[in-house]
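The block underneath contains the structure these notes are about, expressed in structure tokens.
What follows draws every value from the coordinates through simple rules; no lab data is involved. No experiment lies behind these values; they were computed from the predicted model shown. Cβ atoms come from the backbone with ideal geometry, glycine included; neighbour counts cover every protein chain shown.
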Amino acid sequence: VIDFRSDNTHGASPEILEALTRAAAGTMTSYGGDEITARVRERCRELFEHDVEVFPVLTGTAGNALALASMTPPWGTVLCHEDAHIQRDELGAPEFYTHGAKLLTIAGEDGKLRAEDLPRDASCISVTQATEAGTVYTPDELRAIAALGLPMHMDGARFANALVGLECSAADLTWRAGVDVLVFGGTKNGAMAAELIVVFRKELADAIAPRWHRGGHRLSKMRFLSAQFEAYLTDDLWLRNARRANAVAQRLARGLDVIRPVQANVVFVRFEPRVSSALRAEGFAFHEWPIFGPDAVRLVCAFGTSDADADALLAAVKRLT
Ligand SMILES: Cc1ncc(COP(=O)(O)O)c(C=O)c1O
């Protein structure tokens, strides 16, 4: 099978697994008091050029929900795009962790919120970077949204893919553009299971810390989450993996009629049902994406997708159409 279903159908980078093996030796302080977690915190302070606090979690859903719970009271409102993962795919986890805050969904071209479409009377704003439509927010677009004056959460499940596409610094794409909390993705881009809540404001870190523990996300053997992130951030593994994924996505985009701009590692096209069926019969796997219209399909490239995978798909599409 040549798998374009998702970036999380891919396994993990060998560097991540080697780091887990190394982290297994000896005893360490539990619940995040270990030296590996301390090094990840320091590494993030360098990378983001800011005095950040970090909270490793196993899933992006947990990271988003914990972050949002620190940014709104139960009676508050979270602004997000109508296609946001927190709205469509997390089964009410944000509402659950916030004790009932409303998600107010806003339409916007190419998966993006625009400052001029947003009401000001909300508790906070959530943006996804890269977006669910495979596009990216520029630092200027984020700054315009932040200028509304509301705290901003960034779902960065594909943060690395967005960053390498934009060629700016991690600081430019987060706190310098007004982001208060980033859920920094690892799993989709080479980690086994690791996301990092990166908090740019001390009072939000104080609000997340007890929720992280109480919600059951503070692993006693935190070293295993942190070791994944340490390896992810070592020798630019995260950037190398994301560059690979984005480059294959561009390769696909050059040979297909895309229906959304390809700015990260996700490609949207339309395949007639006949073509989709034939491609599946030949061993290609991908998901239909009906929210983008009839016959829309999503092709996700990841760190494990090769140029040969892309070329095989392009050749099959050419032959069938
Ligand atoms: C944009 C976005 N945010 C968050 C997540 C959630 O990640 P997890 O499946 O680890 O909860 C995903 C996963 O598909 C995603 O695509």
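Take every DSSP beta bridge with both residues inside the chain and express the antiparallel ones as a percent of the total, to the nearest 5. Working shown, then result.
Values: 18 of 35 bridges.
Approximately 50 percent, going by the DSSP bridge assignments.
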Please report, for the Cα atoms of the range 1-141, the Rg to one decimal and the Dmax as a whole number; what are they, in angstrom?
18.2, 54
In whole Å, what is the distance between the alpha-carbon centres of the range 99-140 and the range 232-261?
23 Å
Under 28 Å, Cα to Cα: Lys pairs in the chain, sequence gap 8 or more or different chains:
8
Return the calculated 222 nm mean residue ellipticity for the chain, to the nearest 500 deg cm²/dmol, obtained by summing -39500 (n - 2.57) across DSSP H runs with n ≥ 4 and dividing by the residue count.
-11500 deg cm²/dmol
Listed residues Leu150, Leu68, Leu91, most fluctuating in the chain (Gaussian network, C-alpha, under 10 Å)
Leu91
Which whole-number percent of Cα pairs in the chain have a distance greater than 28 Å?
39 percent
Whole-Hz couplings from phi, Karplus 6.51/-1.76/1.60, listed for the range 117-128; x for Gly and Pro:
8, 9, x, 9, 8, 9, 7, 6, 10, 10, 10, 10
Highest GNM mean-square fluctuation, the chain, Cα pairs closer than 10 Å: which of Asn241, Asn265, Asn64?
Asn241
Long-range amide H partners of Ile106 with built H, under 5 Å:
Cys80, His81, Glu82
Calculated FRET efficiency, Ala25 and Thr138, Cβ-Cβ r, R0 45 Å, to nearest 0.05?
0.55
Tabulate in residue order the Karplus-calculated ³J(HN,Hα) for the range 70-77, using 6.51 cos²θ - 1.76 cosθ + 1.60 with θ = phi - 60°, rounded to whole Hz; enter x for Gly and Pro.
8, 10, 9, x, x, 8, x, 10
Determine the relative contact order of the range 178-309: mean sequence separation of Cα pairs under 8 Å and six or more apart, normalised by residue count, in whole percent.
21 percent
Interchain or sequence-distant (5+) residues whose placed amide H lies within less than 5 Å of the amide H of Thr128 are Asp155
Rank these for me by crowding, Thr305, Thr27, going from fewest to most other beta carbons within 10 Å.
Thr27, Thr305
Using the count of nearby Cβ atoms within 10 Å as a rough guide to exposure, how do Asp180, Asp140, Asp295, Asp206 rank from fewest to most?
Asp140, Asp206, Asp295, Asp180
I want to verify a result. In a Gaussian network model of the chain, Cα cutoff 10 Å, which of these has the top mean-square fluctuation: Thr29, Thr61, Thr37?
Thr29
Cα extents of the range 219-282 along the principal axes, largest first, in whole Å, come to 50, 23, 20
Show me, for the range 88-94, the HN-Hα J-couplings you get by feeding each phi into the Karplus relation (A = 6.51, B = -1.76, C = 1.60, θ = phi - 60°), rounded to Hz, glycine and proline as x.
8, 10, 9, 6, x, 4, x
How do His217, His81, His153, His287 rank when sorted from fewest to most other Cβ atoms within 10 Å of their own Cβ?
His287, His217, His81, His153
For the chain, the charge dipole (Cβ of Lys, Arg +1; Cβ of Asp, Glu -1; about the Cα centre) points to a positive end, and the Cα of Ala130, Ala162, Phe271 closest to that extreme belongs to Phe271
Let me check against my output: what whole-number percent is the relative contact order of the chain, with C-alpha pairs under 8 Å and at least 6 apart?
24 percent
